[in-house]
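The values are calculated or read from the model by the stated rules, or taken from the named source; none is laboratory data. Predicted model only: the values in this text are computed from it and were never measured. No Cβ is skipped: glycine too gets one built from the backbone with ideal geometry, and neighbour counts run over all protein chains shown. Remember, those area values only see protein heavy atoms, side chains included, never the ligands or the DNA or RNA. Shrake-Rupley method; radii C 1.70, N 1.55, O 1.52, S 1.80 Å.
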Amino acid sequence: MFTFQTNPLNRHGHNRHTSQFIRRCLQQANTRFLPVIRQSILSIEDADGKMQPLLLKQGELESVISNIETKHLIYLGEMEQQHYFTFRLKSKALVEGFAAVARHNNVVLTDLRQLFKHLSPNQAHLCNVAVALEHWHNTHQYCGVCGHATYATQSGFVRTCSNPQCETEHFPRTDSAVICAITHQDRLLLGRQKNWPEHLYSVIAGFVEPGETLEQAVAREAYEETGLPLSNIQYYQSQPWPFPQSLMVGFTAEANHDTVKLLDKELEHARWFTREEVRRESENGKLVLPFKYSISRTLVNQWLNTD
Ligand SMILES: [Zn+2]
């Protein structure tokens, strides 16, 4: 299942900057708050190990953190007649307070990548937006134009420079990255980087450079990493990947020949696999495929399923 292909979240982009709209959301009893710190979500773990994000009522959030003002809240959106906000925790020490509020012993901060496998598509979507915005706020505390401090505005979707001579508005950043399933006849190319877990192989990926189209980035990255010229570069799907702030744009392409040369040494090894080899080696542990909810795994799976 490809988690991010549905869009259940109404972000109310045309309304969320108005105080009337936010006030209305905050007045609704079923509005919930998702505390986040860096790439981790405050979660509860059941006795059977199943995890869920801890979604708090406004009063529960305020009972742990005093002096919350509307400007500290980031509006995530509306899903199934419920509004959601995220709140950036300043300290991991607050977790115990939330455990008391939730009346649950196992309240833990969990890296979103570890949490994904427990989440419904709707929960995954919500957490993804929260983690992405947390990272952006965290790394854009100062104005890139004049160096003065910035502050959050427009329900957390703008940071405005505090310098009256500047007042530049900064918007959330997303880095474009391309990821491509390269095939040659009936085989798929998978590569691995030196620092990856043992036996983990994935499809070829890299960041888009300024002044480049997505297709040009696919062709350049493939050549730099594997020495392969490509044909028939086709868009497949995309996936937001907030670790820390990427949009992964998935492609398929065909290699013009099968002689691999690791030109930029970003990969320590790359190899052509038949479908039978991928199935057999991933079953016996000699090959570890990418994380189930990643677009890299989706690209591998769609190739496996088209024989
Ligand atoms: Zn400024």
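Let's test this: bin the Cα-Cα distances of segment 175-304 at 5 Å from zero up to the farthest pair and state each bin's percent.
Spelled out per bin, shortest first, that is 2, 11, 22, 25, 23, 12, 3, 1, 0.
Multiplying the sequence separation of residue 120 and residue 297 by 0.36 nm and subtracting their Cα-Cα distance, what value in nm do you get?
The span from residue 120 to residue 297 would gain 61.9 nm if fully extended.
Under 20 °C and 1.002 mPa s, how fast does the chain diffuse according to Stokes-Einstein, given a Kirkwood radius computed over C-alpha pairs? Answer in µm²/s, whole number.
Rounded, D is 100 µm²/s.
What residues from segment 266-307 fall in the zone where the backbone N is under 19 Å from a label point 7 Å along the Cα-to-C-beta line of residue 194?
266-271
Give a quick list of trypsin sites (Lys or Arg not before Pro) in segment 1-91 that DSSP marks as loop, anything other than H, G, I, E or B, with at most 12 other Cβ atoms within 10 Å. Walk me through the numbers before you get to the answer.
Working: sites: 11, 16, 23, 24, 32, 38, 50, 57, 71, 88, 90; in loops: 11, 16, 38, 50, 57, 90.
Of the trypsin sites (Lys or Arg not before Pro), the ones in loops of segment 1-91 whose Cβ has at most 12 other Cβ atoms within 10 Å are 50, 90.
Suppose the chain between residue 281 and residue 140 were pulled fully straight at 0.36 nm per residue; how much longer would it get relative to their current alpha carbon spacing?
46.4 nm
In Å², what does the accessible area per residue of segment 162-304 work out to with a 1.4 Å probe?
Accessible area per residue, segment 162-304: 51 Å².
Pick out, in residue order, every one of the chymotrypsin sites (Phe, Trp or Tyr not before Pro) in segment 208-307 that is DSSP loop and has at most 15 other C-beta atoms within 10 Å; say none if there are none.
The qualifying sites are 291.
Determine the gain in length on full extension of the stretch residue 105-residue 186; use 0.36 nm per residue of separation and subtract their C-alpha separation, reporting nm with one decimal.
24.0 nm
Taking θ as phi - 60°, what are the ³J(HN,Hα) couplings along segment 31-46 by the Karplus curve (6.51, -1.76, 1.60), each to the nearest whole Hz, with x for Gly and Pro?
5, 10, 10, 10, x, 9, 9, 6, 9, 10, 10, 5, 9, 10, 10, 7
Of all beta bridges DSSP finds with both residues in the chain, what is the antiparallel percent, to the nearest 5? Don't jump to the answer; show the numbers that get you there.
Details: 46 of 61 bridges.
Close to 75 percent.
Could you check the spin-label model distance between residue 247 and residue 148? Points 7 Å from the Cα along Cα→Cβ, value in nm.
Reported label-point gap for residue 247 and residue 148 is 3.1 nm.
Can you tell me the FRET efficiency between residue 176 and residue 48 if r is taken as the Cβ-Cβ distance and R0 is 45 Å, rounded to the nearest 0.05?
So, using R0 = 45 Å, E works out to roughly 0.70.
Give me the one-decimal nm value for the distance between modelled label points at residue 256 and residue 220, 7 Å along each residue's Cα-to-Cβ direction.
Result: 1.8 nm between the two label points.
How large is ³J(HN,Hα) for each residue in segment 109-122, as worked out from phi by the Karplus curve 6.51 cos²θ - 1.76 cosθ + 1.60 (θ = phi - 60°), to whole Hz, x for Gly and Pro?
Running phi through 6.51 cos²θ - 1.76 cosθ + 1.60 with θ = phi - 60° gives 7, 10, 4, 4, 4, 6, 7, 3, 5, 8, 9, 6, x, 5 Hz.
In whole percent, how big is the carbon plus sulfur part of the accessible area of the chain, probe 1.4 Å, protein atoms only?
So the carbon and sulfur contribution to the accessible surface is 47 percent.
Quick one: if you stick a label point 7 Å off each Cα along the C-beta vector at residue 94 and residue 165, how many nm between them?
Between residue 94 and residue 165, the simple spin-label model gives 3.5 nm.
Would you please give the residues with an amide H less than 5 Å from that of residue 236, counting only those at least 5 places away or on a separate chain, with H modeled from the backbone geometry?
250, 251, 252
Pull up all non-local amide H partners of residue 158: gap of 5 or more, or a different chain, and H-to-H distance under 5 Å with H placed in the peptide plane.
153
Calculate, for residue 29 and residue 236, the FRET efficiency according to 1/(1 + (r/R0)^6) with r their C-beta to C-beta distance and R0 45 Å; round to the nearest 0.05. Mind showing how you got there, number by number?
Values: r = 42 Å, r/R0 = 0.94.
With R0 = 45 Å, the Cβ-Cβ based efficiency is 0.60.
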